[in-house]
Amino acid sequence: MNSKNYHTALLIILLVMFSGIALSEDVGLQKIREIVTEMSSDIKEEQVISSPVDGWYIIKKGAYVAYISEDGRHLIQGDMYNLETQTNLSEKIRNDSRKDVIATYPSEQMIVFKPNKKLHSVTVFTDIDCTFCRRLHNQIDDYLDAGIEIRYLLYPRSGPKSPSWAIAERVWCSDDRNNALTMAKIDQQLESRDCDSSAISAHFMLGQDIGLQGTPAIVLEDGSMVNGYVSALELSKIISPNN
């Protein structure tokens, strides 16, 4: 066999080998997707993906991350780390999920405070009565001066039918939502009016989907989340640690 024929044959063998591996992986992934979606109608096929560990697959739904064995018999909840790189692989998945969820949510359904020159944008889940939410909003000009756009989503922690929820609805139904939010955070009374306030429910469900543990919760552009209040200076350093 001459050199040209030899290399051609070798290339064909390699293509067959790798296509066989890919086909095997696809079959395994499809099989576990069928198992998972049969077990839970809340999980969609595309939420079951391959993992970096042989014999295991990832189930991701918002901030929920779990690992299921290829036979569908064993499920593990918790964080997976790459010990070599000291990387939390599960948190990377959560960040990507948050990023995707926030990216698809329309900014028209948020209360946005825009700086003159936008350098970064963060999404903040806020509660009217939350002490540290009020502290953050009291310093809103500091964030704007730092070039950070604040996109608020209303998250009344007490849930539906609570006084906080009612105030959130009044804010949303105001002609000037930005001003109404500012007034509500200093306990100014807002006029009650009828409007489609279903956005509050949407904000609340979104917060639960991405694993909100409290307010304020700040979702950065890469999907990572900062829990609690941080000053504009601290937030700028978190967003751009090398600056």
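Values quoted throughout were computed directly from the atomic coordinates according to the rules given, and no laboratory measurement underlies them. All of these numbers come straight from a predicted model, not from anything done at the bench. Positions of Cβ are backbone-derived with ideal geometry, glycine not excepted, and every protein chain shown enters the neighbour counts.
Phi angles of segment 32-49 translate, via the Karplus equation with coefficients 6.51, -1.76, 1.60 and θ = phi - 60°, into HN-Hα couplings of 6, 5, 5, 5, 5, 5, 6, 6, 9, 6, 6, 9, 8, 4, 5, 8, 10, 9 Hz per residue; Gly and Pro are given as x. Projecting the Cα atoms of Cys133, Pro160, Val219 onto the dipole axis of segment 125-243, where Lys and Arg carry +1 and Asp and Glu carry -1 at the beta carbon, places Pro160 farthest toward the positive end.
Packing order of peptides 84-91, 217-224, 191-198, 121-128, highest average first: 121-128, 217-224, 84-91, 191-198 (average count of other Cβ atoms within 10 Å over each peptide's residues). Taking amide hydrogens as placed 1.01 Å from N in the peptide plane, the amide H of Tyr229 sits under 5 Å from that of no residue at least 5 positions away in sequence or on another chain.
By how many nm would the segment from Ala146 to Ser107 lengthen if fully extended, with 0.36 nm per residue of separation less the alpha-carbon distance? Please list the in-between numbers first.
Values: separation 39, 0.36 × 39 = 14.04 nm, distance 2.04 nm.
Here the answer is 12.0 nm.
Overall, the ratio between the Cα radius of gyration of segment 23-133 and 2.2 N^0.38 Å, rounded to two decimals, is 1.38.
For the chain, the tally of Lys pairs with Cα-Cα distances below 15 Å comes to 7, considering only residues 8 or more apart or on different chains. For segment 79-92, 3J(HN,Hα) computed residue by residue from phi via the Karplus equation (6.51, -1.76, 1.60; θ = phi - 60°) reads 8, 10, 10, 8, 5, 5, 9, 6, 10, 7, 5, 5, 5, 4 Hz, glycine and proline entered as x.
A Cβ-based charge dipole, computed about the Cα centre of segment 156-243 with Lys and Arg at +1 and Asp and Glu at -1, lands at about 260 debye.
Only Lys, Arg, Asp and Glu carry charge here, each on its Cβ (+1 for the first two, -1 for the last two); on that basis the chain has a dipole of about 280 debye about its Cα centre. Picking from Tyr64, Tyr155, Tyr81, which is most flexible by a Gaussian network model of the chain using Cα springs under 10 Å? Of Tyr64, Tyr155, Tyr81, the Gaussian network model singles out Tyr81 as fluctuating most.
Could you please tell me the mean projected area of the C-alpha convex hull for segment 190-229, averaged over all directions and given in square nanometres to one decimal?
Values: hull surface 16.4 nm².
Hull-based average projected area comes out at 4.1 nm².
Applied to segment 104-120, the Karplus parametrisation 6.51 cos²θ - 1.76 cosθ + 1.60 on θ = phi - 60° returns per-residue 3J(HN,Hα) values of 8, 8, x, 5, 5, 9, 10, 10, 10, 10, 9, x, 5, 10, 7, 9, 9 Hz, with x for Gly and Pro. Rounded to the nearest 10 degrees, the inclination of helix 163-172 to the longest alpha-carbon principal axis of the chain is 90 degrees. Where [x] 13.7; [y] 17.7; [z] 19.4 are the candidate values, the label of the one calculated here for mean projected area of the Cα convex hull in nm² is [z]. Debye calculation, C-alpha points only, no solvent: report log10 I(q)/I(0) for segment 103-239 at q = 0.10, 0.16 Å⁻¹, in the same order as the q values. Result of the Debye calculation: -0.29, -0.77. Computed over neighbours whose Cβ is under 10 Å from that of Arg134, the net charge equals -1, Lys and Arg +1, Asp and Glu -1.
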